[in-house]
Structure formats: C-alpha cells, structure tokens
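Below is one structure; the comments refer to it alone.
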Amino acid sequence: MSNKINDKDVELYLLKNTDFFLTRESIVSELNFKHSPGKAESLLERQVRKLRSEQKDLLDSLSVFLSNASENEDLFSKSKALVLKVVTAEDEDTLIELMSKSLKKIFDVDAAYLKFFTNSEMNSLEESTGMTFSAGETKHGSFATEKIQILFGDDSIKSVVISVFKNKNKIGLLLIGSKDKTRYLGDEDTTFIEFIRDIAEAKLKTFPA
C-alpha cells in the first residue's frame with residue numbers, strides 16, 4: 001500500500017509545525033518563490049537571498065582553503081626534498097653548493113646563493129648597497145639594478161629575497177632571485193624562506209670551527 005504525500009499533506013504539516021525551517025536554513029536557500037514585479041520584496045525573499053549569499057561565501061572560502069592545502073602540500077614535499085639534500089653536506093663548501101643547486105632545481109628559482117661575510121666585509125657591502133643587514137631579518141622585493149648587481153652579480157634578476165643569519169664569527173646571507181619582477185613583491189609570507197635559512201644555519205653549526 002502506497003502512502004503517497006500530496007500537496008495538501010505538506011501544507012497541513014507546515015501549518016502544524018511552523019518552526020520547521022528554523023533549523024533547516026539550507027533547504028530554504030534552495031526554494032523558489034514567485035515574485036510579482038513592482039511589489040516590495042517580502043521578508044521571506046530577503047531571507048532566502050541572504051542565505052544564498054552566505055552559502056556562496058562559504059563555498060568560496062572552501063575553494064580557497066582547498067587550493068591553499070594543495071599548495072602547502074607541494075611546498076612541504078619540496079621542502080622535504082631540500083632538507084634531505086642539505087643533511088648530506090659534510091662541510092661548508094658542500095653546503096653552499098648544495099643549497100644553490102637544490103633551490104634552483106627543486107623550487108625553480110633563477111638564482112640562489114649562500115654567502116658569508118666578516119664584519120668588515122659586511123660593512124663594505126652595506127656601504128656599497130646603501131642597505132643594512134641584521135641577523136634574523138628577511139628583505140624581499142624589487143631593488144635597484146645596481147644593488148642587485150652587487151649582491152647577485154647578475155642584472156637580469158628583477159626581484160629578490162634576502163634572509164640574514166649569524167654563522168659563528170661571520171654573517172650569512174641566503175640570496176634568492178627571480179627574473180620575474182613580480183615574484184617577490186614584498187607582501188608574501190616569509191616563513192618558508194626563514195625555514196630554509198634556519199635549516200642551513202643549523203647544519204653549519206655541526207661543522208668544525
């Protein structure tokens with residue numbers, strides 16, 4: 001025997017349960033209502049429009065979250081590959097070479113260097129570039145061609161990241177450059193670059209003085 005529900009049954013049920021939609025807003029957002037042209041928008045129509053807007057915002061947020069998750073997974077995979085390379089270094093020269101080659105290959109950057117300066121060399125560098133380099137800081141953006149030429153020896157580099165750290169009695173610079181002037185505009189998160197710098201700094205401490 002079929003218990004088919006007709007329109008009247010639905011109508012009677014809703015009249016008896018007037019709070020039915022209070023906990024079912026997702027259903028309300030999917031309902032269609034006839035709107036007569038020229039008449040004021042009803043309260044129910046406004047509520048439906050609001051719910052649909054909120055639903056769209058949630059879906060947009062979810063889309064961004066999933067996109068970021070994918071990017072973060074890729075970043076983690078590349079970071080792992082870099083760390084596995086770095087830990088094989090047996091001395092400072094090998095580490096410098098590994099960092100440069102690995103950053104360019106794994107992260108597809110145009111230039112990557114790990115350089116060290118004595119205090120007097122750093123003073124000269126700061127004087128010639130008009131920049132200051134303090135341990136722990138990270139600079140990024142598009143700098144004057146003259147400054148990039150001094151730091152990278154390559155004026156085809158248009159945007160850079162410079163992360164500074166202390167290595168025993170020297171100052172270290174992790175230099176990453178791109179020929180794309182928009183790649184490092186100065187508004188991105190520097191956490192990843194600082195992570196790479198910290199890995200290099202930690203490995204350097206394992207080498208004999």
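Structure notes:
- Applying a threshold of 6 Å to beta carbon distances and a minimum spacing of six or more residues, or different chains, the list of pairs starting in region 103-119 at a residue that is in the same structural domain as Ala135 (by TED's automatic domain parsing) and ending at one that is of a type in the set (Val, Ile, Thr) and in a strand (DSSP E or B) reads Val109/Ile176; Ala112/Ile176; Phe117/Ile171.
- Test: residue in region 111-122 that is surrounded by 16 or more Cβ atoms within 10 Å (Cβ to Cβ) and in a helix (DSSP H, G or I): yes
- Considering the conditions (1) assigned to a loop (DSSP other than H, G, I, E, B); (2) at pLDDT 95 or above, Ala135 is excluded by exactly one of them, (2).
- Check on Ala135, touching a residue at least 24 places away in the same chain (Cβ under 8 Å) and either crowded, with 17+ Cβ neighbours inside 10 Å or not assigned by TED's automatic domain parsing to the domain that holds Arg183 (or both): no
The values are calculated or read from the model by the stated rules, or taken from the named source; none is laboratory data. Worth saying up front: this structure is predicted, and the values here are computed from it rather than measured. Please note: Cβ atoms are built from the backbone with ideal geometry, for glycine as well, and neighbour counts cover all protein chains shown.
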